[in-house]
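The values are calculated or read from the model by the stated rules, or taken from the named source; none is laboratory data. A quick note: this is a predicted structure, and the numbers were derived from the prediction, not measured. Here the Cβ positions follow ideal geometry from the backbone for every residue, glycine too, while neighbour counts run over all protein chains shown. These area figures cover heavy atoms from the full protein model, side chains too; ligands, DNA and RNA do not enter into them. Shrake-Rupley method; radii C 1.70, N 1.55, O 1.52, S 1.80 Å.
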Amino acid sequence: MGGPLRVLHVVVNMNRGGAETLIMNLYRNIDRSKVQFDFLTCKKGVFDKEIEEMGGKIHRIPYVTDVGHRRYMKSLQTFFQENQSYRIVHSHMDKMSGFVLKAAKHADIPVRIAHSHNTSSEGGAGAKLYKWYAGKQVSVAATEMYACSNSAAYWLFKKKAASAHILKNGIEQKKFSFTTSVREKVRSSLLIDKETLLLGHVGRFSLQKNHMFLLDVFAEYRKRNPHSKLMLVGEGDLKEQIMDKVKELEIEEDVLMLGVRSDIHELLQAMDVFLFPSFHEGLPVTLIEAQGAGIPCVISDRISEEVDMGVDLIKQLPISPVSLPSWLDEIDRTSNGQRKPIPSDSFNEKGYNINHTATNIQKEYLQLGGARI
């Protein structure tokens with residue numbers, strides 16, 4: 001066999017979500033002469049061009065919401081029957097990985113990895129029931145189980161969670177280290193003066209991220225501190241609802257909606273406090289990035305404590321309406337303008353150094369692929 005071991009990653013699209021960011025961080029840091037990533041997607045993504053430039057192949061099939069269950073399953077089956085040269089399929093579709101890996105199993109793909117990135121399914125009752133049905137196939141079809149946290153492992157793998165491999169959402173720490181010059185440059189470009197307290201959030205506009213509560217928090221905090229603004233980085237299906245809420249609260253002039261950005265590492269430098277009131281998460285890479293930048297983070301108590309790197313930057317609070325005053329008080333407590341430098345040892349010890357993570361996953365891929373050659 002010549003050339004690198006080609007690993008097929010399965011996602012809906014390669015946009016700037018948490019799982020996708022992790023995959024790209026790994027991709028950029030592996031030895032691509034030994035392991036190469038290919039992708040099975042359903043929609044175009046912002047990382048597609050970079051993937052192809054690094055030698056990756058992008059395959060496309062229609063998604064279930066566009067063509068229905070039968071045609072989606074047929075597309076999966078046809079794809080794997082026509083691409084049986086892959087020895088490793090790594091699916092990042094949470095419960096939907098059940099359908100993906102079932103089709104891969106039928107095509108005799110030997111290594112089938114189910115990777116849990118969350119602790120709850122999204123969508124309405126019908127969508128959750130469908131995903132529950134798909135998830136029942138995971139334990140039957142997967143040969144390997146990965147998760148971003150112990151809570152994410154338990155959610156998808158239940159009784160088998162203890163045998164799951166926890167793959168930390170590593171980052172390039174140096175890229176996020178705080179520098180005054182970058183902070184001043186970004187704030188100047190956004191027309192934010194030194195006296196303004198900038199609250200920030202990075203995440204797609206979806207129900208999971210709980211933007212409505214976030215906007216309520218900011219609207220109330222702005223009454224306490226008129227010299228404050230909120231930066232929202234992301235896009236998504238709820239954008240119009242979020243914009244309507246901003247207008248309803250009469251905070252249009254103080255909410256910056258920046259869309260999807262490639263310079264998250266720089267935007268974080270401009271923030272004073274990072275807010276993250278999600279209803280559920282696996283282990284969000286953006287919170288690792290925020291801690292890497294030394295930003296105090298006020299987050300939902302529904303997020304796993306595993307996200308806390310132990311550098312005194314995380315404060316977890318309830319997200320019920322009665323807890324809103326606690327969020328305001330915590331913003332005041334943490335917004336002292338001081339940035340805490342984070343030693344690289346903290347990332348190494350907690351397993352969030354992407355170089356170490358990439359080296360480890362590369363060894364695992366080679367062992368898994370080689371064991372079946």
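Of all the numbered requirements in (1) out of contact with any helix residue (DSSP H, G or I) (no Cβ under 9 Å at 6 or more places or on another chain); (2) modelled with pLDDT of 95 or more; (3) in a loop (DSSP other than H, G, I, E, B); (4) buried (at least 18 other Cβ atoms within 10 Å of the Cβ), ILE23 misses one, and that requirement is (3).
GLU330 passes every criterion in (1) outside any helix (DSSP H, G or I); (2) of a type in the set (D, E, K, R); (3) at pLDDT 90 or above apart from (1).
Against the conditions (1) in contact (Cβ under 8 Å) with a residue 60 or more places away in the chain; (2) outside any loop (DSSP other than H, G, I, E, B), LYS363 satisfies every one except (1). Does the range 175-198 contain at least one residue that is more than 28 Å from TYR221 (Cα to Cα) and assigned to a strand (DSSP E or B)? The answer is no, given that none of the residues of the range 175-198 is more than 28 Å from TYR221 (Cα to Cα) and assigned to a strand (DSSP E or B).
Residues of the range 220-234 that are open to solvent by 20 Å² or more (accessible area, probe 1.4 Å) and either in contact (Cβ under 8 Å) with a residue 24 or more places away in the chain or within 22 Å of the chain's Cα centre (by Cα) (or both): GLU220, ARG222, ARG224, ASN225, HIS227, LYS229.
Any residue in the range 235-262 that is among the polar types (S, T, N, Q) sitting within a Cβ distance under 8 Å of a residue that is open to solvent by 70 Å² or more (accessible area, probe 1.4 Å) and in a loop (DSSP other than H, G, I, E, B)? List the pairs, counting only those 6 or more apart or interchain. Qualifying pairs under 8 Å: SER262/ARG16; SER262/VAL46.
Yes/no matrix, rows are residues, columns are (1) under 25 Å from GLU364 (Cα atoms); (2) open to solvent by less than 50 Å² (accessible area, probe 1.4 Å):
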{"residue": "ASN118", "(1), (2)": "yes, yes"}
{"residue": "SER121", "(1), (2)": "no, yes"}
{"residue": "ALA125", "(1), (2)": "no, no"}
{"residue": "VAL140", "(1), (2)": "yes, no"}
{"residue": "ASN150", "(1), (2)": "yes, no"}
{"residue": "TRP155", "(1), (2)": "yes, yes"}
{"residue": "ALA162", "(1), (2)": "yes, no"}
{"residue": "GLY170", "(1), (2)": "yes, yes"}
{"residue": "LYS174", "(1), (2)": "no, no"}
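Apart from one condition, GLY17 fits all of (1) within 17 Å of ILE361 (Cα to Cα); (2) touching a residue at least 60 places away in the same chain (Cβ under 8 Å); (3) buried (at least 20 other Cβ atoms within 10 Å of the Cβ); the exception is (1).
One line per residue, one yes/no per condition, for (1) among the acidic types (Asp, Glu); (2) surrounded by 15 or more Cβ atoms within 10 Å (Cβ to Cβ); (3) over 24 Å from PHE176 (Cα atoms):
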site: GLY3; (1), (2), (3): no, no, yes
site: SER33; (1), (2), (3): no, no, yes
site: GLU52; (1), (2), (3): yes, no, yes
site: THR65; (1), (2), (3): no, no, yes
site: GLY68; (1), (2), (3): no, no, yes
site: SER75; (1), (2), (3): no, yes, yes
site: PHE79; (1), (2), (3): no, yes, yes
site: ARG87; (1), (2), (3): no, yes, yes
